[in-house]
Amino acid sequence: MDRVMLLEELKTVTEDAVKDLIMPVKPQSEHEEQQYRAAEVYLMRLPDSGAAKKKVPYIIHQAITSKDSQPAGGSESGTAVVRSIFSVYNADEQEGGLMLLNLMERLRIRLLRQVVIGRRYRLDLEAGLETFIYPDDTAPYFGGEMTSTWHVPGVEREVQQWL
């Protein structure tokens, strides 16, 4: 459950960090007026991956790896690696690239300032916070990702006397 709760906390922090960044949504028909909104945040996948271009702008947080360990004489602890995928739309290629960077920077700066989310999950600054903007020419859609490593609380054992 802790990895799920980590993603939920990360979603809450992300929504707050990007709520004021209003970006264009691609019109779905030639008669539709241009609309704008903040990026929506999803966990693990989009609700309908076939409609990925219709959901833009968005951020997806995915738990990709985790590790639980207990050093000799120490208490159990864990880490979780989260990949955050960012996608934006803009007909102007320069503006689209800058909009993507701005969206990613808002979350990066928030996480580096806050470091602990949900009073349980601590960003592993030693592992670093890595960002990558996809170099592919996918205009008018622009994408990138961020990888973060989190310290998560250890699982309490039900039978301590046997250990």
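One-quarter of the Cα convex hull surface for the chain, in nm²?
Result: 11.5 nm².
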Discussion item. Over the stretch 2-156, what is the relative contact order in percent, taking alpha-carbon pairs closer than 8 angstrom and at least six residues apart?
Written reply: 24
Discussion item. I'd like to know which of SER148, ILE59, TYR121 lies farthest towards the positive end of the charge dipole of the chain, counting +1 on Cβ of Lys and Arg and -1 on Cβ of Asp and Glu.
Written reply: TYR121
Worksheet entry | Neighbour-limited loop hits for GluC sites (Glu not before Pro), the stretch 1-33 (at most 10 other Cβ within 10 Å; DSSP other than H, G, I, E, B) | GLU30, GLU32, GLU33
Worksheet item: Hey, rough spin-label estimate for GLU93 and ARG45, points 7 angstrom out along Cα→Cβ, what's it come to in nanometres?
Response: 3.3
Discussion item. To test your reading of the geometry: what angle, between 0 and 90 degrees and rounded to tens, separates the Cα axis of helix 2-18 from the longest principal axis of the chain?
Written reply: 40
Worksheet item: About its Cα centre, how strong a charge dipole does the chain have in debye, to the nearest 20, once Lys and Arg get +1 and Asp and Glu get -1 at the Cβ?
Response: 400
Worksheet item: So which trypsin sites (Lys or Arg not before Pro) in the stretch 90-132 end up in coil per DSSP with only 10 or fewer other C-beta atoms within 10 Å?
Response: ARG119
Worksheet item: Sorted by mean Cβ packing within 10 Å, highest first, what order do the peptides 85-92, 58-65 take?
Response: 85-92, 58-65
Practice prompt. Let me have the 222 nm mean residue ellipticity of the chain computed from DSSP H runs of 4+ only, each contributing -39500 (n - 2.57), with the sum over all residues rounded to the nearest 500.
Written response: -8500 deg cm²/dmol
Fill in: Residue order, fewest to most surrounding Cβ atoms within 10 angstrom, among SER29, SER148
SER29, SER148
Worksheet item: Per q in 0.22, 0.26, 0.29 1/Å, what log10 I(q)/I(0) does a Debye calculation on the alpha-carbon atoms of the stretch 1-67 return?
Response: -0.98, -1.16, -1.26
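Rule-based calculations on the coordinates, nothing more; no lab input. Everything quoted here is computed from the prediction, not taken from an experiment. Cβ coordinates were reconstructed from backbone atoms using ideal geometry, including for glycine residues, and neighbour counts include every protein chain displayed.
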